[in-house]
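A short worksheet on the structure shown next.
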Amino acid sequence: MTLTSELTGAPRPQAVLWDMDGTLVDSEPLWGVALGEVAAELGRPLTPEVREAITGTDDRTTMRLLARHTGAEATEDELEALRERIVARVAGLLETEVPVLEGALEALEELRATGVPLALVTSSPRRVAEISLAALGPARFDAVVTAEDVVQRKPDPEPYLLGARLLAADPAECWA
């Protein structure tokens, strides 16, 4: 059932599912910093070509590309160790300051005031999401979906479908 605004009669979503990195928090550059530092520590700084190849990939693909570029061991354990180093560095950077994007808190607050349920849906690990949530205000969200909650990460729809399910909302009636 499509809900409508009492004021305008315009369609109103059953829920809004928010991305985090680059939408609410300007954390994308922090991942670049962490990847660059780890690559340099492994003896081969990232090139613009490798940075471009890494952009938008899932963490497993990113770690494989990083390992191939730096000549690091590419066993599953080594890839996981690389991922943990990068996640730890991003978490450390966020603990210093969470770069909340201009207008993000106001948008969340305005939507919250309408009674529309909100979910945070991110491909970031829970550890990183929780730091950002502290700055965004965890009470603003009715549900949170992180990388650990799904098998397939974005751009696969699984995280958003889970967010809608957690809010008991029809995915076709949600905004993302």
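The values are calculated or read from the model by the stated rules, or taken from the named source; none is laboratory data. Note that the structure is a prediction, hence the values are computed from the model and not measured. Cβ sites come from the backbone with ideal geometry, for glycine too, and all protein chains shown count toward neighbours. SASA here: full protein model, heavy atoms, side chains in, ligands and nucleic acids out. Shrake-Rupley method; radii C 1.70, N 1.55, O 1.52, S 1.80 Å.
Take the residues in segment 13-72 that are in contact with a strand residue (DSSP E or B) (Cβ under 9 Å, 6 or more places away or on another chain) and either under 16 Å from R153 (Cα atoms) or free of Cβ contacts under 8 Å to residues at least 24 places away in the same chain (or both), then tell me which one is most open to solvent (accessible area, probe 1.4 Å).
E28
Would you check which residues across segment 149-176 are among the basic types (K, R) and assigned to a loop (DSSP other than H, G, I, E, B) and list them?
Quick first cut of segment 149-176, residues among the basic types (K, R) only: 153-154, 165.
Within segment 149-176, R153, K154 meet the criteria.
I want to confirm something. Restricting to segment 135-148 and keeping residues that are touching a strand residue (DSSP E or B) at 6+ places or on another chain (Cβ under 9 Å), in a helix (DSSP H, G or I) and open to solvent by 20 Å² or more (accessible area, probe 1.4 Å), which single residue is nearest to E106 (Cα to Cα)? Walk me through how you get there before you give the answer.
Filtering segment 135-148 for residues touching a strand residue (DSSP E or B) at 6+ places or on another chain (Cβ under 9 Å) gives 135-136, 138, 140-146.
So of that shortlist, the ones also in a helix (DSSP H, G or I) come out as 135-136, 138, 140.
With open to solvent by 20 Å² or more (accessible area, probe 1.4 Å) added as a condition, the list becomes 135, 138, 140.
Numbers: A135: 13, P138: 14, R140: 11 Å.
If we take residues in segment 135-148 being touching a strand residue (DSSP E or B) at 6+ places or on another chain (Cβ under 9 Å), in a helix (DSSP H, G or I) and open to solvent by 20 Å² or more (accessible area, probe 1.4 Å), then R140 is nearest to E106 (Cα to Cα).
Look through L111, L105, L65 and report the one residue that is over 15 Å from the mean Cα position of the chain (by Cα), farther than 28 Å from L161 by Cα and part of a helix (DSSP H, G or I). Give the steps one after another, and end with the answer.
On the way: L111 fails: farther than 28 Å from L161 by Cα; L105 fails: farther than 28 Å from L161 by Cα.
Result of the check over L111, L105, L65: L65.
Please state which of the following conditions L120 fails to meet, knowing it meets all the rest: (1) at pLDDT 95 or above; (2) part of a helix (DSSP H, G or I); (3) of a type outside the set (V, I, T); (4) farther than 30 Å from P45 by Cβ.
Here L120 clears every test but (2).
Would you point out the residue of segment 35-79, among those that are touching a helix residue (DSSP H, G or I) at 6+ places or on another chain (Cβ under 8 Å) and among the acidic types (D, E), that is modelled with the highest pLDDT?
Of everything passing the filter in segment 35-79, E37 is modelled with the highest pLDDT.
Quick test for you: out of L82, L93, L105, pick the one residue that is of a type outside the set (S, T, N, Q) and within 18 Å of L120 (Cβ to Cβ).
Details: L82 fails: within 18 Å of L120 (Cβ to Cβ); L93 fails: within 18 Å of L120 (Cβ to Cβ).
Unique residue meeting the criteria: L105.
Select, from R85, R126, the only residue that is open to solvent by 80 Å² or more (accessible area, probe 1.4 Å) and on the phi < 0 side of the Ramachandran plot. Walk me through how you get there before you give the answer.
Numbers: R126 fails: open to solvent by 80 Å² or more (accessible area, probe 1.4 Å).
Exactly one of R85, R126 is open to solvent by 80 Å² or more (accessible area, probe 1.4 Å) and on the phi < 0 side of the Ramachandran plot, namely R85.
Tell me yes or no: at least one residue of segment 103-116 is under 29 Å from R44 (Cα atoms) and crowded, with 16+ Cβ neighbours inside 10 Å.
Going through segment 103-116, the residues under 29 Å from R44 (Cα atoms) turn out to be none.
Looking through segment 103-116, none of the residues is under 29 Å from R44 (Cα atoms) and crowded, with 16+ Cβ neighbours inside 10 Å.
Which residues, counting only those in segment 109-139, are charged (D, E, K, R) and within 18 Å of V87 (Cα to Cα)? Steps first, please.
Filtering segment 109-139 for residues charged (D, E, K, R) gives 109-110, 112, 126-127, 130.
Answer for segment 109-139, where residues must be charged (D, E, K, R) and within 18 Å of V87 (Cα to Cα): R126, R127, E130.
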